[in-house]
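Have a look at the structure below before the remarks.
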Amino acid sequence: MENVQFKKEDLRLYAVTDRRWIKRQTIEEVVEKAIRGGVTMVQLREKELDKNRFLQEAIALRTLCHRYGILLLINDDVEICRLADADGVHIGQEDMEIHRARGVLGDGKIIGVTVHNVIEAVHAQQAGADYLGAGAAFGSATKKDAHPISRADYCNITANVQIPVVAIGGICPENVELLSGCGLSGAAVISGIFAQRDIEQAARTMRKHCDAMWSERRK
């Protein structure tokens, strides 16, 4: 899949992997189920693997995602993104600076940035981010120190940047529609998909809610 054009619609249901939930399945198996359920973009998040295994996994997932026409981003690791020729990277406030990541990856790759408030959001946009992941929306099962941000915060962020913004943090079918009307382009989901018994059905349910949120945004 050459010269992929990143669109805000790619963020509608953004799945972020978490190895803790996959049990006896492979990461490729669970991601394929999520894609079949309606995931529109995938982020490979690995905090425990060594570099060689991480790279092998990234290459395998890139092949899988591209077979379905889905973009693959790598969490935090700009070098793994470059070596695997993934579609982009997502970096946090404490990771590599955006201009340095851009220098490594070039203009053809996507760079997403985690933000928690409007000041960080505006700064990330000015520094060249392609999209923002704002949170934590409802706390986080993966980051115990994550602090929820309000609807007013989301509205303030989306009103002050022109690049797409997705919500992340504790999002599930029971709460995702509470984010409707905040100007968001979608939701990034971890346990709401990968911790569920039927991953494909969980993704399908989340996609319906995200589609409803998107439709509301366009009214």
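The values are calculated or read from the model by the stated rules, or taken from the named source; none is laboratory data. All values derive from a computational prediction rather than experimental measurement. So basically every Cβ, Gly included, is an ideal-geometry build from the backbone, and we count neighbours across all protein chains shown. What goes into the accessible areas is simple: the full protein's heavy atoms, side chains included, and nothing from ligands, DNA or RNA. Shrake-Rupley method; radii C 1.70, N 1.55, O 1.52, S 1.80 Å.
Along Cα→Cβ, 7 Å out, is where each label goes; now give me the distance between the ones at GLU29 and ARG67 in nm to one decimal.
1.5 nm
Ranked from the most accessible area to the least, with a 1.4 Å probe and all protein chains present, what is the order of ILE163, ILE193?
ILE163, ILE193
How would you rank 23-36, 78-91, highest first, on the average number of other Cβ atoms within 10 Å across their residues?
Numbers: 23-36: 16.8, 78-91: 21.6.
Listed from highest to lowest mean packing, they are 78-91, 23-36.
Quick one: what are the phi-derived ³J(HN,Hα) couplings along the stretch 19-27, Karplus 6.51/-1.76/1.60 with θ = phi - 60°, whole Hz, x for glycine and proline?
3J(HN,Hα) across the stretch 19-27, in whole Hz: 4, 4, 9, 7, 6, 8, 7, 8, 5.
For mean projected area of the Cα convex hull in nm², which listed value, (i) 11.9; (ii) 14.5; (iii) 10.8, comes from the coordinates shown?
(iii)
If I stretch the segment between ASN160 and ASN117 completely, what's the gain in nm (0.36 nm per residue apart, minus their alpha carbon distance), one decimal?
Working: separation 43, 0.36 × 43 = 15.48 nm, distance 1.07 nm.
Here the segment from ASN160 to ASN117 would lengthen by 14.4 nm.
Ranked highest first by the average count of other Cβ atoms within 10 Å around their residues, in what order do 127-134, 93-100, 172-179 fall? Intermediate values should be presented prior to the final figure.
Working: 127-134: 22.5, 93-100: 13.1, 172-179: 16.8.
In decreasing order of mean packing, 127-134, 93-100, 172-179 become 127-134, 172-179, 93-100.
Quick one: of LYS7/LYS51; LYS7/LYS208; LYS23/LYS109; LYS8/LYS208, which pairs are farther than 26 Å apart, Cα to Cα? Could you put the intermediate results ahead of the total?
Details: LYS7/LYS51 30 Å; LYS7/LYS208 19 Å; LYS23/LYS109 31 Å; LYS8/LYS208 17 Å.
Pairs exceeding 26 Å: LYS7/LYS51; LYS23/LYS109.
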